Amino acid sequence: MIFSRITLAIQFYARKLGRFNLLTFLLLMLVLLAISMFDRINLHQQQAMMASLKRLDKEIATASAPQTQIKPSTGQYLQQLQALLGDRKYAEQELKKILDIAQKSEVQIRAGDYKQIDNIQGQFSTYSLKFPVRGSYMQIRHFVERCLLQMPNASLDELTFKRDAVSQVVLEAKVQFTVYFQLASAPVAREKFE
C-alpha cells in the first residue's frame, strides 16, 4: 500500500515536471553525488598528508633538539662540509641512486637535463639534475624525501607540480636536485685519496 502511494506520487510529479525538467533534476543529483564522492577521496588524501606532516614534524623536533656541544671553528666547519661532499668520480652512481629511489617510490622519471659546474674558489663541483617525474602527490613527496635522506650531499632546488584536471590523481612534476662533490684538486680530497 505504501509502495503504491510512493509510485503514484513519483508518477504525478514526473508528469507535472515534464521530461526535460526531470532529466535536469536527475543530472543535477548525479553531479552532486559525484562531487560528494570526490570530496571523500580528497578527505582521505588530506588525512594521509596530515599524518605524514605530523610524522615529519616529530622527526624534525627530535633532530633539532638542543644539544650541548662546543661550537666548532670555521676550519672545523669547512672540514665537516668537505666530509659531506661526495667524490666526483661517483657522480653517475648518484644518478643511479636517484633512479633506484624513483623505482622504489613507484614514480616514473623520463630523460632530463644534467649539467656539471666546477667552483674552483669554493673547491667543489656541482652536478645539476633536472627531470620530469610522474606519480601521485604522496609518491612524488616520498621520492623527494628519500633522495634527500639518502644523499646528504644533495639539495632540492626546484619542485613544481602540474595537474591537468582536478580529479586527476597522477601528477606531472619537475624536480631539480644539485649534488655537490669535492674537486679533485681540493686539499682534503688529495689527503683522502693519496
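For the stretch 104-157, filtered to residues that are of a type in the set (Val, Ile, Thr) and part of a loop (DSSP other than H, G, I, E, B), the residue that is nearest to Gln176 (Cα to Cα) is Val107.
Within the set Phe38, Phe25, the sole residue that is in contact (Cβ under 8 Å) with a residue 60 or more places away in the chain, surrounded by 11 or more Cβ atoms within 10 Å (Cβ to Cβ) and outside the structural domain of Ser136 (by TED's automatic domain parsing) turns out to be Phe38. Scanning the stretch 52-75 turns up one or more residues that are modelled with pLDDT of 80 or more, of a type in the set (Gly, Ala, Ser) and part of a helix (DSSP H, G or I). Only one of the listed residues (Ser155, Ser105, Ser167) is outside the structural domain of Ala51 (by TED's automatic domain parsing), surrounded by fewer than 17 Cβ atoms within 10 Å (Cβ to Cβ) and closer than 23 Å to Glu59 by Cβ. That residue is Ser155.
The values are calculated or read from the model by the stated rules, or taken from the named source; none is laboratory data. On a predicted model such as this, the values are computed, not experimentally measured, just so you know. Cβ coordinates were reconstructed from backbone atoms using ideal geometry, including for glycine residues, and neighbour counts include every protein chain displayed.
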